[in-house]
Every structure is written in structure tokens, then in C-alpha cells.
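The values are calculated or read from the model by the stated rules, or taken from the named source; none is laboratory data. These numbers were taken from a predicted model, which means no experiment stands behind them. A quick note on method: Cβ atoms are made from the backbone with ideal geometry, for glycine too, and the neighbour counts reach across all protein chains shown.
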Amino acid sequence: MGAALSRPSLRRQLMLSMSAVLGGVLWMMSDLDLMTPKQDSLVIALRVLALLALPIGALVALWNAGVVLRSKRSWMAKVWSVVLALSCLIVLLVGYAYHVMGYTANY
């Protein structure tokens, strides 16, 4: 197994990931030519990624909640695992309701 990352290293990794996502969104919105049908392959790739990531994330959160609820952890850990599972299910529901997941570029 790999070595655990230190807290500052995790913070840097999180900030880098968040800035990359924000940069991608700003990049696409800065040039309206990027929002034309020429870029459908990028939109389709992101929708397929959401189709994979959202259900898998919800399943992992539900599995984690089940493990934590069956363990002898504190009540706060149990409540937090249920809150995380519910939030992942809500994100999945919103992704489904607003057609974020799919194989096409209908926008």
C-alpha cells in the first residue's frame, strides 16, 4: 500500500483539484465557441463520467454507512456516515432529474 499523505499535502491536492474544475468551467464559459456542437465530444465525455461517478459514489457512501452503523463507533460517526450517504443520494437524484448523466449532448 502507498504511504499516507500528510495534512498539508492533502490540502494542496484538494486545492489543486478544485482549481482545475473551476478553471475548466471558466475556460468553457469564457469562449462561447466552446459551447457549440463542435465540442459535443467533451460534453458527452463529462456526461458519461457523471453516469459512472454518481451511482458508484452513492453505492460507496451507502456501503460505508452500513459498515459504520454495524461497527462500535461513536454516535457522531454514525450520524455523519448517514448524512454523507443521504447527500450522495441527493446528488444522484439531482443528476438524474436534470439529465446530467447520459450518452448524448442534449443541452
Kindly indicate whether Tyr103 is exposed (fewer than 12 other Cβ atoms within 10 Å of the Cβ) and within 30 Å of Pro37 (Cβ to Cβ). yes
I need the full set of residues from region 9-37 which are modelled with pLDDT of 80 or more and among the charged types (D, E, K, R), in order please. Arg11, Arg12
Please verify whether region 32-49 includes one or more residues that are small (Gly, Ala, Ser) and over 24 Å from the mean Cα position of the chain (by Cα). no
Leu62: passes all of (1) surrounded by 12 or more Cβ atoms within 10 Å (Cβ to Cβ); (2) at pLDDT below 95 but (2)
Report, by residue number, each residue of region 27-41 that is assigned to a helix (DSSP H, G or I), of a type in the set (S, T, N, Q) and closer than 13 Å to Ala105 by Cβ. Gln39, Ser41
Could you tell me whether Ile44 is of a type in the set (Val, Ile, Thr), in a helix (DSSP H, G or I), at pLDDT below 95 and outside the structural domain of Val21 (by TED's automatic domain parsing)? yes
